[in-house]
Amino acid sequence: MEQTIKELLRARGITAVAPIALSHCTLTRPYLLERAGIADGTAFMLAVPYYTTECDDPARNISAYAVSRDYHLFFRTLFDELLPVLHARFPAQRFAGFADHSPIAEAEAAVKAGLGSFGCNHLFLTEEHSSFVFLGEIVTDAVLDAPPREVRTCEDCGACLRACPVGLAVHSCLSALTQKKGELSEDEAATVLKNGSAWGCDRCQEACPVTKRARARGTLYSEIPFFRESAIPHLTAARVREMNDAEFAMRAYSWRGREVILRNLEYFEQGGKA
Ligand code: SF4
Ligand code: SF4
């Protein structure tokens, strides 16, 4: 089963895949497993690379994860394709797919599965794609030999801390600030403007030596078409206004409503005088 799952995923550009016994995972939403009829078994953790050459656009003004359409759509399509194939190949087993809204603590499970380590920037890091990955999992009731690996942490070089415009250790993340509803204070708005990103912030990820190594090797880049199609690295207020509701709903920045992303973009476009 492990080989089949890995081959199916590799054919779709996902190479960072590893199993972990559910008994070694922290259950965060056990009702999701109950609904899937799975009491015990194995989670195949997937780290899906999303960074594309479109993200290298020097005019990019939003976080790399928001350049493509929302990754939840990617996982939905992936699971819709793969789960029937797995059910057909292994009719005695149950399978379910999750991403983000998951029955287990995903980053911890991915580290225990041996896919990567915990970074000091609070992100999950893979050597292959650095932290530019989305986590998801295929869960099955097949009980496989998948013991936990040694939990690793990053090399603790401090580059993320030094790169953080707001002081990663003491202040709330700028990423949260760009997503805040309502008015920003003058100081908050000036911080967003200075950082140059209208949605999210990637500075700690970009400064990380793991990212630099992955970029030099070329493994940073995703080969998955979904993350290149409909990419918008440079967003404008006009572009956001042009989107119909269905198009806007497919973007990662839609969950806070149009007014938040528009506020940030207009602030940039008016030179910080909005
Ligand atoms: S995302 Fe930006 S603001 Fe947040 S911790 Fe990283 S560098 Fe700091
Ligand atoms: S920059 Fe250094 S300390 Fe920060 S996550 Fe990367 S390896 Fe760890």
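Data overview
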quantity	calculated
Mean Cα-pair separation over length for the chain, i.e. relative contact order, pairs under 8 Å, 6 or more apart, %	27 percent
Residues L27 and R217, FRET efficiency given R0 of 41 Å [Cβ-Cβ distance, rounded to 0.05]	0.70
Centroid-to-centroid separation of segment 65-100 and segment 1-58 [C-alpha atoms, Å]	9 Å
Long-range HN-HN contacts of L220 with modeled amide H, under 5 Å	R215
Sequence of F98, F227, F79, F90 once ranked by neighbouring C-beta atoms within 10 Å, starting from the fewest	F90, F79, F98, F227
Helical segments meeting 15 Å axial Cα length and Kyte-Doolittle -0.5 threshold in the chain (DSSP H)	71-89, 258-269
Among H72, T28, A59 - extreme Cα towards positive end, dipole of segment 22-75, charges at beta-carbon	T28
Ranking of Y51, Y31 by count of other Cβ atoms within 10 Å, fewest first	Y31, Y51
Distant-in-sequence amide H partners of W199 (H built 1.01 Å from N, under 5 Å)	S63
Positive minus negative residues near E7 (Lys, Arg vs Asp, Glu; Cβ under 15 Å)	+2
Extreme residue, positive dipole direction of the chain, given options A214, A47, A113 (C-beta unit charges)	A214
Furthest towards positive pole of dipole, L235, V260, A249, structure part segment 231-274, Cβ charges	V260
Residue exposure sequence - E128, E259 - by fewest surrounding Cβ within 10 Å	E259, E128
Rounded to the nearest 20 debye, dipole of segment 126-274 from Cβ charges on Lys, Arg, Asp, Glu	460 debye
For A16, distant residues with modelled amide H under 5 Å away	A47
Karplus (6.51, -1.76, 1.60) ³J(HN,Hα), θ = phi - 60°, over segment 22-33, in Hz, Gly and Pro reported as x	4, 5, 9, 9, 8, 7, 9, 9, x, 4, 5, 5
Value at 222 nm in deg cm²/dmol, rounded to 500, when DSSP H runs of n ≥ 4 in the chain each add -39,500 (n - 2.57)	-9500 deg cm²/dmol
Whole-Hz ³J(HN,Hα) from phi, Karplus 6.51 cos²θ - 1.76 cosθ + 1.60, for segment 113-128, glycine and proline x	6, x, 7, x, 9, 8, x, 5, 8, 6, 10, 7, 10, 10, 5, 5
Dipole magnitude of the chain about its Cα centre (Cβ charges: Lys, Arg +1; Asp, Glu -1), debye to nearest 20	220 debye
Given charges at beta-carbon only (K, R positive; D, E negative), |dipole| of segment 10-154 in Debye	180 debye
Extension gain, E155 back to A39 (0.36 nm per residue minus Cα-Cα distance, nm)	38.1 nm
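Every number here is computed from the coordinates shown, using simple stated rules; none is lab data. Since the model is a prediction, treat every value here as computed from it, not as a measurement. Counting neighbours? That spans all protein chains shown, and the Cβs are built from the backbone with ideal geometry, glycine included.
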